[in-house]
Amino acid sequence: MSLVRNVGTIGGLTALSRVFGFVRDMLIARVLGAGMAADAFQLAFVLPNTFRRLFAEGAFSVAFVPMYTRTLAGEGGDEAADRFASDVLGVFIWVLLGFSALAMLVMPGIVWLLAREYQSIPGKFELAVTLSRITFPYLGLVSLVAMLSGLLNAHSKFAPGAFVPVLLNIVLITGILTGYFLREAGGTDVTVAYVQAVAVAVAGLAQLLYMAWATRKAGVRLKITMPRLTPEVKRLGMLILPATFGAGVYQISQFVDTFFATSLPQGSLTLLKYADRLNQMPLGIVGIALGTAILPMLARHIQTGDSREAQRLQANAVEMATLLTLPAAAALAICAPAFVTAFFVGGKMTDANGAVMANIVVALVIGLPSYVLVKVFQPGFFSREDTRTPVWIAAGALIVNIGVNIVVVPIYGIVGLAAATAFTSTLNVLTLYTILQMRGWFHFTGKLAGRIARQLVATAAMSAVLLVLMPLMADRYGGNVFERVWSLAVLCGAGMVVFFSVAYAIGALDKDLLAQLRRRRPAAKTEPVDLSE
């Protein structure tokens, strides 16, 4: 499969998940607003998800997938790869069980470290601890899901792993509606929060059962064995330790952001997470798709010593990333008030909450291209089993992030916190690229730079149109459902038409990449797009 087709598969299913995620957050915003129960649930949801992205989808995946891919392509083939995966699974399960049990035991301490200010509001701290204990088993379940997804990715089967988040959102939507009806029958906002917490754990079980079925269907045969620290498992462990930090700077920064957000007025954490949902739409679709698709493909090129193909693959990924994130960032920044009002304002979510959330969105999306390019540049290190270099880069970025937060959060509040995240993410990606270029592993070519410059021109043209259209429909974004839908449709439609028309006219779109997207079959016999000139 080509990179373009793999990204299309992952991105399409991720887009479906993001739609369900939007529905989920729209419902919970209207049901819970930005009060005590909402803040407590957001913290309980942040904890297992951040650990999931940090360890399971971050450090574990970037270390495990290249090793599994090489074993699969080696002399032992499928049998050796299945044996290696089974050995890893035998150790991984016990690590997850032990970590989860320990975390649930010391949960009051974890919540105190991240949200000690919750103690100033009666019942909020205790509620956050209880909800976090209910949701935390999700970490173990979804970590196993991440492992099975990595196995299937190495077999070029990307659809199951990209589909499982849909199951999460379906279960959580069911939980929101159940909690709402229980509240109407005499419950409170706390009732809704409890039901949502239980739904998170149930969703993890549903995802694991689905991935276990998909793995067996793909012909991968795993056995749960007694833990064995084989040389390969030990090597994986040594790679995971530095990768935990290197692959997870964005996730670690989430803990930092959570700490600062919980020190601000009630509702700040909730508004930050809802604003990040808008930011996560293009980040999840493009960034996760590119990062997931490029790692096993890059590992194969490096294993065979084909540095030209490795350069070409990353260049294609960079072009695809900027093509989609530059206009998305500009559109979200300009249209943030429209999107926030249409999607989130209503019920218990007030206009004042919406105004703050819109400002947070603007601050976050400034760093959107950087968030995605990190997913493109980090595999350049991980595929070569260099997990140490990103550690030092991530450490520097995190220290800068904390320093900037200390300065700007007291002055600019939650918006300053979001802007600090965007700034340090940009610093992180620039440093990653500099090291890649210095080592000769990847470099920008004149052709690639020219393509990105044309994308910026098309983005500027689109931005000008959106700035004109935005005030013309200001009264419609908060109207009835029909008015909200058609007003946003006009903004999105006009923006896309202008951007892609101008981009096509000035050569910002690579016609060979577009041809690959239109093919029904992988372009295995066709020369890949060359951006290495």
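Read the figures in this text as sums done on the coordinates, not as results from a lab. What you are looking at is a predicted structure, and each value in this text was computed from that prediction instead of being measured. Note: ideal-geometry Cβ built from the backbone for every residue, glycine included; neighbour counts use all protein chains shown.
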Per-residue Cβ neighbour rank within 10 angstrom, fewest leading, Ile121, Ile435, Ile176, Ile411: Ile411, Ile121, Ile435, Ile176
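My understanding is that a pair violates if its Cα-Cα distance is over 27 Å; which of Lys124/Lys348; Lys348/Lys375; Lys217/Lys273; Lys124/Lys273 do that in this structure? Don't skip to the end; give the middle numbers.
Numbers: Lys124/Lys348 18 Å; Lys348/Lys375 36 Å; Lys217/Lys273 36 Å; Lys124/Lys273 18 Å.
Beyond 27 Å between Cα atoms: Lys348/Lys375; Lys217/Lys273.
Taking the number of other C-beta atoms within 10 Å as the exposure measure, put Leu113, Leu127 in order starting with the fewest.
Working: Leu113 12, Leu127 24.
Ordered by Cβ neighbours within 10 Å, fewest first: Leu113, Leu127.
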Separation of the Leu182 and Leu430 label points, Cα + 7 Å toward Cβ, nm: 4.9
Which of Tyr68, Tyr138, Tyr210 has the fewest Cβ neighbours within 10 Å, and the rest in rising order: Tyr210, Tyr68, Tyr138
